[in-house]
Amino acid sequence: MKYLWILGLLVSSGYNGMAQMKAPADWVRYEEVLGVKNNQRHYDYDVSVVRASCPTNVLWPGEQPSYTLQVVNRLNEPIVATGSIELIPYGTRGLPGDIWLPEMVRQGEVATVPVKVNIPAGGYINIEHLPSIPARFGGYALVMDLGRYGRRMITSLVRTFAANPQRLQYPKQSLDDMGADFLQRIGVQAIRMGVDYTPTTAPDYTQKMKELDAKIKEYQSKNITVLLMFGAGTAPLPLGMPRSFLDSNRVMKKTKQDFVWAPGSDADFQLFVNRLCVQYGWPRGPVTAVSLWNEPWEGASISGWQSDILRYREIYTVMAQAVLDARKKGADVLVGGGDSNSNAWDKLFADGKMTFLPVFDFCSIHYQGIETPALYPEWVNRQSPRGRVKIWDTESWVGNTDDRIGLTVATNRASGYDRSMGIYAGYMYTGGRGSEHFTQKVRTPEGTKEITRIPDTWSQAAALGAVQHLVGERNFNRLLFTNGLPWIMVFDGQNNPDDGTAVVSGDIGEAFGPERVLFRDVRGLPEMADKEQIRAALAAGSANADSLQQAQQQYRPLSGGRMLLPAASYLRLYDFYGNQLFAENGYLIIPLNSQGYYLRTDGSKGAFTKLLAALKTARIEGYEPVEIIAKDMTARISQSPVMRLQLTNILNRPVKGRLAVALQGLRVSVPDTVVLAPHETRTIPVQITGGVAAANNTYPLSVHFDAGTDGMATHYEDMHVNVISRLSIHVDGKLDDWQQALPQTVSSKGAATVSVTEAAWYPFKNFDTNANGYANGYFAYDDQYFYFAAKVADSTPHPGTYRFAQRPDDEFFYPDTSYVLDMQQSLVIKENSVPATDAGALQLPNGDGRIMHYWESGDNTNSFGLDLHLPKATQVALYLPSLRVSSARLEVYDNATGKNLFRRTLTNLWGGAWEVLRLEGDVRIVLHSNAWWYTAKLAALMFDQPSSDSIFVKEDFDTRGNWKGAYGAWGHHIVGTTPRLPAGVTVTPAFKEIKQPLIWPAGVRHYTYQKNPVTPDNSGLGYSYDNVLLAFNVIPEGKDGMLSHPPGTMPRFTGYKCTDYEYAFNPVAAQYGGGTEMWRLLVPGLNRKHFFPRQPKSEKEGPVTNSKLVVRREGNTVITECAIPWSEIPDVKAAMDKGERIKLSFRVNDNGAPGSCMELAKERSVSKLNARAFHPDWKVHWANEVEFGVEK
């Protein structure tokens, strides 16, 4: 029990995991649209809703709300004013490249109702307000304006379709545990509910089950099904507390912790799960599925999983057995989880066996977008009474704006999802999630009392209501155009073929990543024209070259396009709220942009078939008319090779255009005119007729296809000659034998890239954005080997990594004895800094610049201190910058006696706070943070003549970094600068460690990670090192162990398998034996995995022992050279023997630039972003589609 205080701190403090999400008040243009000011230290009055006729703030057609508003006077004088309550129609839209930050926009005219108030000083009044909400679907904000007393936000509400949910076992749309009333009002019938494991013998078990019973029954009463996601609770833990990572001295750090209970509780956990499934399982109750933990990644994860794979399998096994036993008693409950297909395979199928497949009914996924897991034949073809493995999205909060949610849901369904989510609860509703219960204090004649807060419901909820009404439970049928644009997703009608919906979007790249989608290089005609002008300006030597280059490379969502559909009485067009859009000049005009629009019919017989036929012939405008994909030459220039130019008419009508092709330094011959049928793909041979081979093997290409009134398409790309040379190589790391081979260059090209998946799965990690690097690769072969060499510019030497065949896996897990510091009593200080970007940064003592350095607590404690020697009474002003500090505690002690002299809790630092004290003698100043995930910070001490006799002088939020003239007349100590202290004054960092040993219990496997894992693919979880990966793509899609695409779509619509063989070339550190190791990451018959410590082994994994590999450094150049025997890559050899072109790629990983993507296929037109090109799955990779010829 002596560590209970630590457990209490960790549990009660929760986790600030919502840092990526933005509160509505932080949305772009929130203040402008509503006319309010956020985060003011003082408001003249407060206004709140104390009663609402519709407590969810979700209105259905025909309903009008009524509110009781309470206005509280915060002044010491009466407020007498004539003002108004405004009804502001608004919405939100997404910003390109940002899934978390909505922009608020006005959606119509503001309606105003006058209001008069007469409120005594410190008093309150209640006002009855009956706004008239228009019939239009969307969001509406109520704002009070009392003239000189300011404007205050009252509430937000939405109008959407009426929901009429029928009881369903597996609804297609899910949200978080947001309360039954709200979910029922917007028509959502499935939730993921987190349930902490409470041992059945715990004193509070009965009370916890009573609370859970009430909650589950409330959902059942609204026909809302429940997925129970089990996680940390109150079961006994090893060491008696959660376990964080350890430092090199085996002391716990302030990191995520492992909340996984000891194995001795597993049998009781099985009983716990079984009871819930028997009592609440379908059809008796609403529980249709169970899963284990939220995001249980290897190493650190966001929700308290930090255990080894074996521990997951142990707990999953007893959970599955609990479900199987419950099924014998009539409960129809699924079991599954994983939260990504990568994690599911790593946790349950890493040994290549399907042992867990009978009890893996669904795969839960997070933030995978169109990198769908619906392509695994083992899952799709599973023979089970519950059918194939279902794909359920349980947390992909990416469609967080009105204009994105419908398109996100529709595209996810098209990608093979059986259940979608798509939006974070807090962007729709401030009623709280899970166990959150928000209250507010209100005034009454009897005094102040606390009531449940009436939530704000934001405009995104109206858009989701439209999704549920217009798509809802309809099954995805197909993409109407499988070789052209726009994206038209067809959903079948429910029990009526004419109840179908077509979702139309011009550009899904804005929502799912512009480089992940097919036709990614087809841009809007206005963008193409603008960028042609930019290109011309750059060619002319513009003085604004840097900004022009940036504009040239910037992705722009499609805008200005349109689809013209002849109007007909049976057609209905709706915006993303479900508002009907009407014909103009005889046409329904469907905007082709990054938003989704709904097309339906009046339900008359045959109407939906007619709608689809009309869409097939509707006029499409605004796109470049053809997609241009350029494929490298696969023979040397001296052999007059052909460069293949693949043209696809993305329009649904024939196009004819003049074709102009130029390859710098070469003469070419191409047809002058090309005619393409609707949606036709044709390869145009570009014959090289002359020119000189470039030493760098790079030939800038420009293509123009001028289709007259149908517009122009352009394409620019560096082309290469791709050949695998026939050479016999002596593998010695010297490259003397490679003189006849042609170089293939990869580079980071400046911008670091972190995928949405990686950012979402590891939001608590600071990503490295140091992206630079350059490398040349070379390819050759002879009768015995395939040869590869890479020459990499690398200025950051790394000693190497493990020999993974002998990796000491146990060293990644907790030792017999570890230690924990008392995080409130231990004092450890360190210095840190951030850029000085605003007035919160301190003025430099000399000159006009600013600085933002500060002290904070060390990695193992929440507290730090300073010892001050002050010979006489001195005013000491402490500057606490507002740098992600939720709250802090300031204390002062007498150093001689240890007596506490002063204590103050700081709950809001605003833009930076000065805490001004009067101190004397030998004192210790201590600052504590109140949770582990942030630190209190101190940036300066200022010394002045005392102005008060009390210790606490004042708190100053106004001066911020502008201290000159306000403080420091006697002296100063600004962190990061040379101190100027008053005579006799000293400032010394305090150091105190109160360390307790922790003994791992005997007989229990040490299953908690003490540090992040290091893997042979260089995943970067533990540390990044220098290595090179090589990948081959030779087996046709659909025959390579995965399906090529989900039903109703086409190959490469989603992520797909594009690598059959993959190898890591690793330098081994001296401490692990030195030398090198070639690790087999993927071959046919080896299931995809990430080779974590203690992961069950697969039959074909391990090092390639009959290979040759040398890694050698020369100054800032690292040379990797290897030979792979043909017996290792038989399918590559067979393809070469048949005279086929070989698709291959390589990736360079640089420890100095772990955020960069250095791959051969990067940004090539034949490729797109594709997670399965290389390991690990969560990094940015480009599809392995670059082809090579084989020289004889």
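Quick notes on this one:
- Restricted to region 1166-1178, and to residues there that are assigned to a loop (DSSP other than H, G, I, E, B) and modelled with pLDDT of 95 or more, the residue that is nearest to D1060 (Cα to Cα) is F1174.
- Matching residues in region 893-912 - criterion: being within 20 Å of Y879 (Cβ to Cβ) and of a type in the set (F, W, Y): F902, W910
- Picking from residues in region 635-672 that are touching a Gly at 6+ places or on another chain (Cβ under 7 Å) and surrounded by fewer than 17 Cβ atoms within 10 Å (Cβ to Cβ), the one that is farthest from I620 (Cα to Cα) is A635.
- Some residue of region 259-272 being closer than 18 Å to D308 by Cα, buried (at least 18 other Cβ atoms within 10 Å of the Cβ) and of a type in the set (S, T, Y): yes
- Restricting S1145, S1127 to residues that are closer than 20 Å to M633 by Cβ, at pLDDT 95 or above and among the hydroxyl-bearing types (S, T, Y) narrows the list to S1145.
- All strands (runs of 3 or more DSSP E) inside region 872-965 with 3 or more residues being aliphatic (A, V, I, L, M): 888-894, 913-929, 940-944
- Across region 988-997, the number of residues qualifying as surrounded by 13 or more Cβ atoms within 10 Å (Cβ to Cβ) and over 15 Å from L821 (Cα atoms) comes to 2.
- Check on R1088, in a loop (DSSP other than H, G, I, E, B) and crowded, with 20+ Cβ neighbours inside 10 Å: yes
- Residue in region 131-138 that is at pLDDT 95 or above and either outside the structural domain of G465 (by TED's automatic domain parsing) or surrounded by 23 or more Cβ atoms within 10 Å (Cβ to Cβ) (or both) present: yes
- Residues being free of Cβ contacts under 8 Å to residues at least 40 places away in the same chain and within 12 Å of D499 (Cα to Cα) - total across region 572-605: 2
- Criterion violated by A1153 - all others in (1) part of a loop (DSSP other than H, G, I, E, B); (2) surrounded by fewer than 23 Cβ atoms within 10 Å (Cβ to Cβ); (3) modelled with pLDDT of 95 or more satisfied: (3)
- Selection within region 890-919 - of a type in the set (D, E, K, R) and either surrounded by 15 or more Cβ atoms within 10 Å (Cβ to Cβ) or at positive phi (or both): E891, E915, R918
- Any hit, region 814-826, residues being surrounded by 15 or more Cβ atoms within 10 Å (Cβ to Cβ), assigned to a loop (DSSP other than H, G, I, E, B) and either in contact with an Asp or Glu (Cβ under 6 Å, 6 or more places away or on another chain) or among the aliphatic types (A, V, I, L, M) (or both): yes
- Test for V36: is it out of contact with any Leu (no Cβ under 6 Å at 6 or more places or on another chain), surrounded by 14 or more Cβ atoms within 10 Å (Cβ to Cβ) and in a strand (DSSP E or B): no
- Flag if L588 is out of contact with any Pro (no Cβ under 6 Å at 6 or more places or on another chain) and modelled with pLDDT of 95 or more: yes
- The set of residues in region 204-236 that are outside any helix (DSSP H, G or I) and either outside the structural domain of I315 (by TED's automatic domain parsing) or out of contact with any strand residue (DSSP E or B) (no Cβ under 8 Å at 6 or more places or on another chain) (or both) comprises D204, K222, N223, A235, P236.
- First in region 1120-1133 and in a strand (DSSP E or B), second anywhere and of a type in the set (G, A, S), Cβ under 6 Å, 6 or more apart: T1120/A790; E1121/G733; E1121/A789; I1124/S1107
- Among the strands (runs of 3 or more DSSP E) confined to region 977-1053, there are none with at least 2 residues that are modelled with pLDDT of 95 or more, over 30 Å from K872 (Cα atoms) and among the aromatic types (F, W, Y).
- Of all residues making up region 638-687, the number that are free of Cβ contacts under 8 Å to residues at least 12 places away in the same chain and among the hydroxyl-bearing types (S, T, Y): 0
Each row is one residue, and each column tells you yes or no for (1) among the polar types (S, T, N, Q); (2) more than 30 Å from Q740 (Cβ to Cβ); (3) assigned to a loop (DSSP other than H, G, I, E, B).
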residue: R682; (1), (2), (3): no, yes, no
residue: N696; (1), (2), (3): yes, no, yes
residue: T709; (1), (2), (3): yes, yes, no
residue: E717; (1), (2), (3): no, no, no
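- Flag for L611 being over 24 Å from G708 (Cα atoms) and at pLDDT 95 or above: yes
Quick grid of which residues meet (1) surrounded by 20 or more Cβ atoms within 10 Å (Cβ to Cβ); (2) more than 43 Å from the chain's Cα centre (by Cα):
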{"position": "V923", "(1), (2)": "yes, yes"}
{"position": "E955", "(1), (2)": "no, no"}
{"position": "A966", "(1), (2)": "no, yes"}
{"position": "W970", "(1), (2)": "no, yes"}
{"position": "V975", "(1), (2)": "yes, no"}
{"position": "T986", "(1), (2)": "no, yes"}
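- The criterion of being within 30 Å of Q107 (Cβ to Cβ), modelled with pLDDT of 95 or more and more than 27 Å from the chain's Cα centre (by Cα) does not hold for A235.
- The set of residues in region 456-501 that are within 23 Å of T92 (Cα to Cα) and either of a type in the set (A, V, I, L, M) or touching a His at 6+ places or on another chain (Cβ under 8 Å) (or both) comprises A461, A462, A463, L464, A466, V467, L470, V471.
- Here the condition is being modelled with pLDDT under 95 and polar (S, T, N, Q); of T457, T452, it holds for T452 alone.
- Qualifying residues in region 474-514 (those that are modelled with pLDDT under 95 and crowded, with 18+ Cβ neighbours inside 10 Å) - the one farthest from P171 (Cα to Cα): P514
- Only a single item in (1) touching a strand residue (DSSP E or B) at 6+ places or on another chain (Cβ under 9 Å); (2) assigned to a loop (DSSP other than H, G, I, E, B); (3) at pLDDT 95 or above is not met by P283, and it is number (1).
- In region 398-419, the residues that are touching a helix residue (DSSP H, G or I) at 6+ places or on another chain (Cβ under 8 Å), more than 17 Å from G1055 (Cα to Cα) and not aliphatic (A, V, I, L, M): G399, N400, T401, D402, D403, R404, G406
The values are calculated or read from the model by the stated rules, or taken from the named source; none is laboratory data. Treat the numbers as computed from the prediction; the structure is a model and nothing was measured. Please note: Cβ atoms are built from the backbone with ideal geometry, for glycine as well, and neighbour counts cover all protein chains shown.
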